Structures are given as structure tokens and as C-alpha cells.
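Below is one structure, written out as C-alpha cells; comments come after it.
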Amino acid sequence: MLFYVPKYKYKLYANDFEMIKDYPKDKYIEMAISFNKNYTLKEVQKMLPTSAHQTWYWIDNYAKSTNYRNDPESGRWLLGISKPSPQLGAKLTATKIKTEADFLNELKKTDPGEVKNLKNRQKNGLIIGVVVTGTKEELLSLKNKPYVKAASLGAVVDKY
């Protein structure tokens, strides 16, 4: 999956909605959604359709810049908040992370320097993208939403 930092400009943006519309109905799909700007965790949870199961929230820890970037970010090294997905077999447990403040408190245990950096930007929202899962119909409900800057396909599996 590829992610696009909202404050950077790219020559090309992924729009994999066109690709998934031709998938069979018996597939379960993972997709990275890059937002057009920063949002709070609460805003993201309200604006995304409930049919798009949110499994991971991408945190903005990028320096302020209006530079162009050649390549999007790879999901492997990004900072984020995980949320278990019952559709993928993970049991939903009560998570301690319900707000950005909760995330910062958890991060403080591992990287106190990063907490200070992120705390300064918390008022504008720290979330710049999300990983969602669902059927093609569920994910296609995100197509043409004003907050979606890019959509990159992840795993595709058979529903069971």
C-alpha cells in the first residue's frame, strides 16, 4: 500500500477504486486511504462510512513543507494507531487509544521526543490517512469523497 502526505505534492496519485470495481463479490479488500488534510481521530471516525472498517490510522509526523515528492510513502515504516478487525479474525478488544491524547501517552513510553513534536500539531488533528477493509461495495462508498486524496490497494483475500 502507498500513502500520500497531504502537505506534499506528487506528480501522480493512486486511485485504485477503478481497479476494485471489477473484482468478484466474494473478496475482502484492504485499502490505504490518504486524506486531503489533517483530521482528528473523532472527525475520521465520524466521516468514514461504517461499512469501511477502519483498522489503522496514519499519524502525521512530517515536517512542514510544500515540496514535491517523487514517490509516495510505503506503509512499512509509518507511524500509526492500530485497531483490530473482526472481519480478519482479530477479536475486538477494549483499546486504550480512543483519542490523539491517548496515542501520545502510549508513544511517550517509547519515544518521548516524538511526543513533543506531535503535541504541537495536535490541535489541527494528527490523522492523515487510514487503512480500511471491506467488500468492494463497502470500499467503493469512499470513491469521490472530498477528504480522499488517494486510494491504494492492499491485500485481497477470499471472504470466509
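Between GLU106 and SER141, the FRET efficiency estimated from the beta carbon spacing at R0 = 45 angstrom works out to 0.90.
Given LYS9/LYS145; LYS46/LYS136; LYS108/LYS159; LYS11/LYS109, which pairs have Cα atoms separated by over 28 Å?
LYS108/LYS159; LYS11/LYS109
Bear in mind these aren't lab numbers, they're just calculated from the coordinates by the rules spelled out. Note that the structure is a prediction, hence the values are computed from the model and not measured. Neighbour counts are summed over all protein chains in view; Cβ atoms, including those assigned to glycine, are modelled from backbone coordinates with ideal geometry.
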